[in-house]
C-alpha cells in the first residue's frame, strides 16, 4: 500500500480516469489538518494523537504540521515511528501492559509518560523506569455509557485499586496522574462527566494532587448522516466539570483522540464485483480488508454510489445484503445496507469517514486486500 504522488481534485476524478480494480482510500490532507486545529483551538489542554488508529506517515506528518505535539503510542514500533517523523514530540506510552523488553525500548527512546492499571505492571515500571521527570498515569474504568464498545473490558483499574496505585506512584517519586477512556466513538458528551468526577474522588482518597488528567480518546468522527459529532460541546463540558471537580487543584488536561483526528480525512471506494440475482451485492473489499471495523461498531451510512463514468446513482434506495470478496461467509457487512436500486456491476461504492482502523487492519486474506491510497483536494464527489 502506497500513497500516490499525483494530487487529484476529488475521488470522482480519480475513479473516472483510473478505473481501479482494487479498493482505494482517498486521503485529504486539508481535512486531517482541520481536525487537528479544531482540537487544538477547542480542547482545554494538550492534544495528543492515538497513533494506532492510523499510523500512516502522511497522517502523522500532517498532524505535526498542524501543531500536534504529543502522541499516544502502544508499541515500540509506534514509538520509533514518532521519534523518526516528529522527533521533538512528547510520547505517552499508554498501553498499560508491556513486556520488559518493551519498557527498556521506551526508556532508551526517552519516553517520559506511561500508564498503568495493575500492581504487577506498576512494579515493573518502578523497577525499570527512572523516576525523575517521569509521569505514571493510573488508568481506571467505570461502566460504559454512550460508546460503541467498552474499552474497560480489557484495561482499567477499579476506583479502589486506582486509589492504591496512585498512592504507590507518588510514594515512588514519579509524577502522579490519572487517565481513563470513556469508550470508542462516544457520541454523548455526558460520558466524560462521571469519569472526571470519579478521578477527583480517587485523587482525594489517595491524598495525592495529580499533575495531569488524561480524558482519553473516544471522541467520535462523522459516521452517520444524521449525527454530527458534538466536539465543542464535549470540550466545554470537560472544561467545566474539571474545574467543578478539582477546584484549585485542577490538573492539566490531556486528550488522545484517534478516529476524531484521522477518520474523516479518508474516503474508501470499493468496486461492485457482482449483483447476484438482484439481492446480494459483492464488493472487492470487506471485513478482512479496510472494512474490518464495521461489524464491531456499526456501518457508516455516509455512502454514495458512482457509475464507472463517475455519475451518481440516484435510484430508489433498497436495503441490500453486502458481502466482501473472500470465500468466507463471515465476510459480510452487518445488517442491510441502503443502496440505490439501480446499482450495477462495475459501480463504485464510496464510503466516507473511513480513515480510522482501515489502513492498519487491512489484510491479504484469500489473496484480496490490495489497497492503494490517493491524495485528493476534497472528499466531495
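Modelled label positions at residue 239 and residue 160, each set 7 Å beyond Cα in the direction of Cβ, lie 3.8 nm from each other. Potential lengthening of the chain between residue 318 and residue 228 amounts to 30.0 nm, from the contour at 0.36 nm per residue minus the alpha-carbon distance. What angle do you read, to the nearest 10 degrees and between 0 and 90, between the alpha-carbon axis of helix 159-171 and the longest principal axis of the chain? For 159-171 against the chain, the angle is about 60 degrees.
Each pair of Cα atoms in the stretch 288-362 enters the Kirkwood radius, and Stokes-Einstein at 4 °C and 1.567 mPa s then converts it into a translational diffusion coefficient of 98 µm²/s.
Separation of the stretch 211-256 from the stretch 31-76 is 16 Å, based on Cα centroids. With everything on Cα atoms, drop me the angle between helix 29-42 and the longest principal axis of the chain, reported from 0 to 90° to the nearest 10. Between the helix axis and the principal axis of the chain, the angle is about 30 degrees. The angle between the Cα long axis of helix 57-66 and the main principal axis of the chain comes to about 60°, on a 0 to 90 degree scale. Measuring how big the stretch 74-124 is from its alpha-carbon positions, Rg and Dmax come out at 10.7, 34 Å. The simple Förster model, with R0 at 45 Å and r as the Cβ-Cβ distance, assigns residue 134 and residue 278 a FRET efficiency of 0.15. Each label point was placed 7 Å from the Cα along the Cα-to-Cβ direction; for residue 99 and residue 327 their separation is 3.5 nm.
Considering only DSSP beta bridges whose two residues both sit in the chain, what percent are antiparallel, to the nearest 5? Close to 40 percent. Here the alpha carbons of the stretch 1-91 define both size measures, Rg and Dmax, at 15.1, 45 Å. Available extension along the chain between residue 209 and residue 57 is 51.0 nm, counting 0.36 nm per residue and deducting the alpha carbon span. Determine the shape class of the stretch 253-377: with a ≥ b ≥ c the square roots of the Cα gyration tensor eigenvalues, call it rounded for a/c under 1.5, and otherwise prolate if a/b is greater than b/c, oblate otherwise. Prolate shape, in that a/c is at least 1.5 and a/b is the bigger ratio. For the listed peptides 114-120, 179-185, a ranking on the average number of other beta carbons within 10 Å per residue, highest first, reads 179-185, 114-120. Once C-alpha pairs closer than 8 Å and six or more residues apart are averaged by separation and normalised to the residue number of the chain, the relative contact order reads 24 percent. Only DSSP H runs of four or more residues enter the estimate; each adds -39500 (n - 2.57), and after division by the residues of the chain the mean residue ellipticity at 222 nm equals -9000 deg cm²/dmol. Judged by the gyration tensor of its Cα atoms, with axes a ≥ b ≥ c, the stretch 29-262 is oblate; a/c meets the 1.5 cut and b/c is at least as large as a/b.
Under a Gaussian network description of the chain, with springs only between Cα atoms under 10 Å, the residue in 68, 241, 350 that fluctuates furthest is 241.
Any read-out appearing in this document is the output of simple, stated calculations on the displayed coordinates, not a laboratory observation. All values derive from a computational prediction rather than experimental measurement. Counting neighbours? That spans all protein chains shown, and the Cβs are built from the backbone with ideal geometry, glycine included.
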